[in-house]
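The values are calculated or read from the model by the stated rules, or taken from the named source; none is laboratory data. What you are looking at is a predicted structure, and each value in this text was computed from that prediction instead of being measured. Quick reminder, even Gly has a Cβ in these numbers, built from the backbone with ideal geometry, and neighbours come from all protein chains shown. We work out accessible area using only protein heavy atoms, side chains counted, and drop any ligands, DNA or RNA first. Shrake-Rupley method; radii C 1.70, N 1.55, O 1.52, S 1.80 Å.
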Amino acid sequence: MIAQVLKRSIFSSLLVYLTIVISSLSLSNTALAQVKGWPDKPIKLIVGFPPGGGSDAIARVISINLSQMWGQQVIIDNRGGAAGTIAADLVAKSPADGYTLGLAHVNALSIIPALGQKMSYDSSKDFTPIVLLGITPNILIANVDAPAKNVKDLVAYMKQNPGKVTFGSAGNGSTQHLAYELFMHMSGTQALHIPYKGSGPVLVDLMAGHINYTFETMSAATPHIQSGKVIPMAQTRTKRSPAYPNVPTMEQLGYVGFEATAWYGLMGPAKLDPKIVDKINVDVNTILRKPEIQAKLAEIGAEDGGGTPEAFSKFIIKDRNQWAKLVKDAKLQIDLN
């Protein structure tokens, strides 16, 4: 009797065990199939700035090529405002299924956290870095009727007319804004800062003469420089961009250590499947190696893109720490409201 009970118990336990194993294998195979079949529908790429800016320009280059490669449309969703943090929050709260990606940007992942601002997301934990797309200098540009056309004359004019010169930026806390604040700090001058919701509106007002100057991403500014509608004065990486060999850096003009760059990448929500991350990374690296893509990005000053997800993650951490040091050393006080 006891032996029969034991046999039934052992048999029942084995059935339960086998059921669990089969279920686990079934789930694993389903998940694997989903990864293998990804993408089987359109992907949304959230960009934190309006059309017309550097973020939008680079996002469209990548989205067009990924759409062709994957046979699925990669749709740009522009969600401007709050220096890119609105878009970052949307990405952080999206399902981690690979069908919602975000254009990672220096503002939302480096500068705003470095300013110690309270955010609705954790920049260190709520995202999956996928790949760096490029680093671009900002470039100081002027309206064609601005009171000074080079940095030396501009500084002299601002010292004689404190608070009268106007500088636009893509928003409070943006890299363009911090470049402006750093310039004011290092030159000992005063001007009026006017924040906008993205690069597109800034450039429209600059060309219309409503503002005098802006530090703008090279990617956004280049078409207007080439058309002669704005005047380039200086660039903000310590090395000159090959796209602008005749435009000096701020450091070359005497502002030692002046560096304020923008960078762009692809990211997903936290816990994005590593297989999807690796596929996107490999495919984007393939795109970035194409000569025609390299030439297109070089025209707008986007450099040094590509690499592994791990390298991109380390890059973000290093960049965030550098901005935090800049904010502390320059004693910048920035109101993001």
Open item on the list: Out of 255, 264, I need the residue that is open to solvent by 20 Å² or more (accessible area, probe 1.4 Å), among the aromatic types (Phe, Trp, Tyr) and touching a residue at least 60 places away in the same chain (Cβ under 8 Å). Which one?
Closed with: 255
Open item on the list: Being among the β-branched types (Val, Ile, Thr) and over 29 Å from residue 308 (Cα atoms) is the requirement here; does residue 194 meet it?
Closed with: yes
TODO: Could you grab me the full set of residues in region 287-302 that are over 20 Å from residue 221 (Cβ atoms) and of a type in the set (Asp, Glu)?
DONE: 292
- [ ] Give 164, 197, 152 a once-over and let me know the one that is of a type in the set (Lys, Arg) and at pLDDT below 95.
- [x] 197
Open item on the list: Looking only at region 283-301, filter to residues that are touching a helix residue (DSSP H, G or I) at 6+ places or on another chain (Cβ under 6 Å) and not in a helix (DSSP H, G or I); which one of those is most open to solvent (accessible area, probe 1.4 Å)?
Closed with: 300
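If you scan region 92-124, which residues turn out to be aliphatic (A, V, I, L, M) and part of a helix (DSSP H, G or I)? Write out each step before concluding.
Filtering region 92-124 down to residues aliphatic (A, V, I, L, M) leaves 92, 96, 101, 103-104, 106, 108-109, 111-112, 114-115, 119.
Of everything in region 92-124, those that are aliphatic (A, V, I, L, M) and part of a helix (DSSP H, G or I) turn out to be 92, 106, 108, 109, 111, 112, 114.
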Open item on the list: As an exercise: evaluate residue 120 against (1) of a type in the set (Ser, Thr, Tyr); (2) in contact (Cβ under 8 Å) with a residue 24 or more places away in the chain; (3) open to solvent by less than 60 Å² (accessible area, probe 1.4 Å) and give the number of the one condition it does not meet.
Closed with: (3)
TODO: Can you work out which of the residues in region 64-86 that are assigned to a helix (DSSP H, G or I), closer than 15 Å to residue 38 by Cα and not hydroxyl-bearing (Ser, Thr, Tyr) is most open to solvent (accessible area, probe 1.4 Å)?
DONE: 68
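Name every residue in region 41-56 that is open to solvent by 50 Å² or more (accessible area, probe 1.4 Å) and not in a loop (DSSP other than H, G, I, E, B), in order of residue number.
44
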Open item on the list: Can you tell me which of (1) aromatic (Phe, Trp, Tyr); (2) at pLDDT 95 or above; (3) under 12 Å from the mean Cα position of the chain (by Cα) is the one residue 70 doesn't meet?
Closed with: (3)
Open item on the list: out of contact with any strand residue (DSSP E or B) (no Cβ under 8 Å at 6 or more places or on another chain), basic (Lys, Arg) and over 22 Å from residue 170 (Cβ atoms): is that true of residue 239 in this structure?
Closed with: no
Task: Residue within region 283-296 that is of a type in the set (Asp, Glu) and under 17 Å from the mean Cα position of the chain (by Cα) present - done: no
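Considering region 241-251 alone, what residues qualify as being touching a Ser or Thr at 6+ places or on another chain (Cβ under 9 Å) and either surrounded by fewer than 16 Cβ atoms within 10 Å (Cβ to Cβ) or assigned to a strand (DSSP E or B) (or both)?
Within region 241-251, 249 is the sole residue that qualifies.
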TODO: For residue 280, indicate whether it is in a helix (DSSP H, G or I), open to solvent by less than 10 Å² (accessible area, probe 1.4 Å) and closer than 24 Å to residue 59 by Cβ.
DONE: yes
